[in-house]
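Below is one structure, written out as structure tokens, with a few remarks after it.
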Amino acid sequence: MVNNKIMKKASFKLSWRCKGENSDQHKHDIVYFERGNITTAERSSKQISLKWESPPQTVVILTKPNSNSVQILCAQMVRWLREQKKLNIYVEPRVRAELLTESSYFSFVQTWKDEKEILLLHTKVDLVVTLGGDGTVLWAASIFKGPVPPIVPFSLGSLGFMTPFHSEHYKDYLDSVLRGPISITLRNRLQCHVIRDAAKNEIEIEDPILVLNEVTIDRGISSYLTNLECYCDNSFVTCVQGDGLILSTTSGSTAYSLAAGGSMVHPQVPGILFTPICPHSLSFRPLILPEHVTLRVQIPFNSRSPAWASFDGKDRKQLAPGDALVCSMAPWPVPTACQVDSTDDFFRSIHDGLHWNLRKTQSSFDVPLDV
């Protein structure tokens, strides 16, 4: 029987760790003014630590679909979290049906019925566990339209830049996370608004869309080049003529932006990547812009064809001449747990996932050269 009692969320505190210790220095306090000179304050390691102030009580488990191994692990994890940690557990409706098909033991597992309940999920859940790859993390982030609980991503996918935890040791990892403190990577999201030229008033403006990786504006099936007018804080930047444009977070720098020639960027670097897709210009190089800017991409009225926008690879929308896409940094980042810390996890992911700069080491001379 589902327990409908009101559950109080766990509280926690995030703090900067400086050289292995906690630091009370605010992230904006980085400049000193002394004797009329400007100097930077001592930089901390910028590693973020999460410490529980009250124990977690409720966990939601989100899984990759159509995978027997994930389904088996999910059942084992649910049983362990319930019996050993006494936690309340939420899963997706699909997963709850699979668990009940396996055994009536799982009747205590809770789920949601509609979009309204999903919107309130962040008020009930202390921790999110994902079983899959980066796509499952993207799905988890998309569920939360506002604040996001800390996410513990387990790697059961083909490629994972955001999934540092190995599933075979899930008991040890979850036990450590539930006790705390743990290192956290705050992954920024972009908030995107599609503004229609045909809209007569604000009521017709579409709801904002949050993306963790990137928003892409491309030519779709059209044989014509895209023609995209780009503005940064109302200053004209350029007109993109090519296959399209990628606006990416730093977490998404190892995804589509990387394939289009963009740089790989540490996920805790605050910025927005501006990466063209096959531009018809030899001098069009990718940019990295500061996090505080607002970007507007507009389809000019003289464009030969419409463009298409996709958000983390989904929800494709047509942009007609006169329409615009406005993007800025969202106020709700996605906190993901680190196995070691954000820097170690980042370098391990590009080494293991991309084999970055993997080369046979140059051999030494058999006989030392005379200097």
Given axes a ≥ b ≥ c from the Cα gyration tensor, I'd like to know whether the stretch 189-332 is rounded (a/c under 1.5), prolate (a/b larger than b/c) or oblate. oblate
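Would you please put 228-240, 337-349 in order of how densely packed they are, using the mean number of other Cβ atoms within 10 angstrom per residue and starting with the highest? Mind showing how you got there, number by number?
Details: 228-240: 15.5, 337-349: 18.3.
Going from most to least packed, we get 337-349, 228-240.
Where does each of 279-286, 160-167, 48-55 land if you order them by average Cβ count within 10 Å, highest first? Mind showing how you got there, number by number?
Working: 279-286: 12.8, 160-167: 22.6, 48-55: 15.4.
Result, highest mean Cβ count within 10 Å first: 160-167, 48-55, 279-286.
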For D218, net neighbour charge (Lys/Arg +1, Asp/Glu -1) across residues whose Cβ lies under 10 Å away: +1
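Past 22 Å, Cα to Cα: identify those pairs from K51/K85; K51/K145; K124/K145; K9/K86; K13/K64, in the order given.
Details: K51/K85 18 Å; K51/K145 24 Å; K124/K145 14 Å; K9/K86 15 Å; K13/K64 30 Å.
Violating the 22 Å Cα-Cα cut-off are K51/K145; K13/K64.
In square nanometres, what is the average projected area of the Cα convex hull of the chain?
Details: hull surface 111.3 nm².
The number I arrive at for the chain is 27.8 nm².
How do 359-365, 122-128 rank on mean C-beta neighbours within 10 Å, highest first?
Working: 359-365: 5.7, 122-128: 21.0.
Top of the packing list down: 122-128, 359-365.
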Shape of the stretch 211-271 from its Cα gyration tensor (a ≥ b ≥ c, root eigenvalues): rounded if a/c is under 1.5, otherwise prolate when a/b > b/c, or oblate? oblate
Quick calc, the chain, dipole around Cα centre from Cβ unit charges on Lys, Arg (+) and Asp, Glu (-), nearest 20 debye, gives 760 debye
Just to be sure I understand: if I project the alpha-carbon convex hull of the stretch 79-121 onto a plane and average over all orientations, what area do I get in nm²? 3.2 nm²
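Every number in this text was worked out from the coordinates using simple rules, so none of it is lab data. All values reported here derive from a predicted model rather than from experimental measurement. Please note: Cβ atoms are built from the backbone with ideal geometry, for glycine as well, and neighbour counts cover all protein chains shown.
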